[in-house]
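Data block below; observations after.
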Amino acid sequence: MFKTEDFTVNRRYRDFVWLYTALNNNNPGIVVPPPPEKQQLGRFQEEFVEARRAALERMLNKIAQHPLLQRDIDFKLFIESDAFNVDVKQREKANSVGESKGFMGSIGLGSGTFSGKMPESDEVGPLVSGFNN
């Protein structure tokens, strides 16, 4: 399924967050292993960096062992891409072109021809009360 059986990836923390979000969006109802919590203080200390690396590796190993997540196209992109940021931008661009814009898109108005705002008037119409005491 992958180019090689063993792999090494060099990714930023935000790339792991992207993967987590993508897998959640692609696989509703499946519990996706999350990345470790973000930390501001001490994030460059050797012990923290190693602990985070190990946690991210565990995350990837759990995903790789899951029968559905291991086949996800975004996981494959994450693992095999040599130009990850470029590939993600191309993938997101392709996804946004193919998406309809909800109901308005389904009736042909999703391309920005309808702003969703109705013109308002300052005129006050008759007040109607539906309460009978």
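The values are calculated or read from the model by the stated rules, or taken from the named source; none is laboratory data. This one's a predicted model, so the numbers in the text were calculated from it and none came from an experiment. All Cβ positions, even for glycine, are placed from backbone atoms using ideal geometry, and neighbour counts span all protein chains on display.
Table for the structure above
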| quantity | calculated |
| --- | --- |
| Selection count, the range 57-88, where residues are part of a helix (DSSP H, G or I) and small (Gly, Ala, Ser) | 1 |
| Residues of the range 17-49 classified as more than 22 Å from VAL88 (Cβ to Cβ), loosely packed, with under 11 Cβ neighbours inside 10 Å and at pLDDT below 95, total | 7 |
| Any pair with Cβ under 6 angstrom, 6 or more apart, that starts in the range 38-56 at a residue that is in a helix (DSSP H, G or I) and ends at one that is surrounded by fewer than 11 Cβ atoms within 10 Å (Cβ to Cβ) | PHE48/GLY42 |
| Boolean, PHE7 is surrounded by 11 or more Cβ atoms within 10 Å (Cβ to Cβ) and either modelled with pLDDT of 95 or more or in a loop (DSSP other than H, G, I, E, B) (or both) | yes |
| Residue list for the range 69-84, restricted to those being in contact (Cβ under 8 Å) with a residue 40 or more places away in the chain and under 17 Å from the mean Cα position of the chain (by Cα) | LEU69, GLN70, ARG71, ASP72, ILE73, ASP74, PHE75, LYS76, PHE78, ILE79, PHE84 |
| Odd one out for ASN24, checked against (1) part of a loop (DSSP other than H, G, I, E, B); (2) without any contact (Cβ under 8 Å) to a residue 12 or more places away in the chain | (1) |
| Residue selected from the range 57-66 under the condition without any contact (Cβ under 8 Å) to a residue 40 or more places away in the chain and farther than 16 Å from GLU80 by Cα, by the criterion surrounded by the most Cβ atoms within 10 Å (Cβ to Cβ) | HIS66 |
